[in-house]
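Working notes, beginning with the structure itself.
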Amino acid sequence: MKPILLQGHERAITQIKYNREGDLLFTVAKDPIVNVWYSVNGERMGTYNGHTGAVWCVDADWDTRHVLTGSADNSCRLWDCETGKQLALVETNSAVRTCGFDFGGNIIMFSTDKQMGYQCFVSFFDLRDSSQIENNEPYMKIPCSESKITSAVWGPLGEFIIVGHENGELNQFSGKSGEVLVNIKEHTKQINDIQTSRDMTMFITASKDNTAKLFDCTTLEHLKTFRTERPVNSAALSPIFDHVVLGGGQEAMDVTTTSTRIGKFEARFFHLAVEEEFGRVKGHFGPINSVAFHPDGKSYSSGGEDGYVRIHYFDPQYFEFEFEA
């Protein structure tokens, strides 16, 4: 499994995301650059230039017309995917931590950090109403005073969003009214990442408490737990197999104490049903900050603290592999 190495960032990768077809891979990092690559050969298609700070999140809509990015320069920006032109700019009071298009691509949501005396908010804009962006007036804004939001995704059909907090709580907010539909606390520490399954029935969380957990999207029922001995930064569900990939490692500030040889920072594969690890892939020189499966399930990518993104195409053995419990 020889990886394709993507070198387009000078700082740690913060998020990587495939579009729905999987022909494009979007990568953002703690530098102001937003890159888009052809996932088949790792060629860089282009960049979206405009941010002036670290970019924390990226999302592409259903038909890959638009790209959404959120940054520590206190802005959320909308781009034309094909031309790289900036279509809209929403200025915020604090860093934008998470962002996402709903199922139809008409509504965007993003959350801002609790910092510099400002509260943490989730804002919702309807792109069909241009006055909302122009006047910076979201149709709905949900305050989160207790614990700041560290990850958020849309649920199925854009009816609600699922939000993970710094204290390990999970909330489900209605996309229409903004009320809390479900609130649970299964993690003991910060939730670093949430990703849904291909059919949006389940989602997986990655947490600083060294676990990744699988939940039901609608009820938020806790289904499975995947345990490791280090903080989990990101977790993704395979669209074709009952497989989970986890990426993690020590905290970025503890990294200098580890050896430089390859191997400390592996992507780990777990079987969804029996919660057991069955494989590891080495490669990164620092913790893995983001992992994503290709929508066809034949490859996966990982982005690390070392600033590299690696696309791994699975060997034929992976598809013949049968897990023996």
Checklist entry - Can you spot a residue in the range 67-77 that is under 19 Å from the mean Cα position of the chain (by Cα) and within 24 Å of Pro239 (Cα to Cα)? => result yes
Checklist entry - Residues of the range 181-191 being farther than 17 Å from Gly158 by Cβ, open to solvent by 40 Å² or more (accessible area, probe 1.4 Å) and assigned to a strand (DSSP E or B), which ones? => result Asn183, Lys185
Next on the checklist: Suppose the filter is exposed (fewer than 15 other Cβ atoms within 10 Å of the Cβ) and either of a type in the set (A, V, I, L, M, F, W, C) or touching a residue at least 24 places away in the same chain (Cβ under 8 Å) (or both); does Asn41 pass it?
Outcome noted: yes
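Matching residues to (1) part of a strand (DSSP E or B); (2) within 22 Å of Ile204 (Cα to Cα); (3) at pLDDT 95 or above; (4) of a type in the set (S, T, N, Q):
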residue: Gly263; (1), (2), (3), (4): no, no, no, no
residue: Val281; (1), (2), (3), (4): yes, yes, no, no
residue: Tyr300; (1), (2), (3), (4): yes, yes, yes, no
residue: Ile311; (1), (2), (3), (4): yes, yes, yes, no
residue: Gln317; (1), (2), (3), (4): no, no, no, yes
residue: Glu324; (1), (2), (3), (4): no, no, no, no
Next on the checklist: Just checking, does the range 67-80 include any residue being in contact with a helix residue (DSSP H, G or I) (Cβ under 9 Å, 6 or more places away or on another chain) and over 22 Å from Arg198 (Cα atoms)?
Outcome noted: yes
Checklist entry - For the range 135-149, does any single residue satisfy the condition of being closer than 25 Å to Phe26 by Cα and buried (at least 20 other Cβ atoms within 10 Å of the Cβ)? => result yes
Next on the checklist: If the requirement is being surrounded by 19 or more Cβ atoms within 10 Å (Cβ to Cβ), hydrophobic (A, V, I, L, M, F, W, C) and touching a residue at least 60 places away in the same chain (Cβ under 8 Å), which of these qualifies: Ala72, Ala29?
Outcome noted: Ala29
Checklist outcome for this item: Among strands (runs of 3 or more DSSP E) completely within the range 1-83, the ones holding 3 or more residues that are touching a strand residue (DSSP E or B) at 6+ places or on another chain (Cβ under 8 Å) and over 16 Å from Cys99 (Cα atoms) are 4-6, 34-38, 44-48
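The values are calculated or read from the model by the stated rules, or taken from the named source; none is laboratory data. Note that this is a predicted model, so its numbers are computed, not measured. Neighbour counts are summed over all protein chains in view; Cβ atoms, including those assigned to glycine, are modelled from backbone coordinates with ideal geometry. Heavy atoms of the whole protein, side chains included, go into the accessibility calculation; ligands, DNA and RNA do not. Shrake-Rupley method; radii C 1.70, N 1.55, O 1.52, S 1.80 Å.
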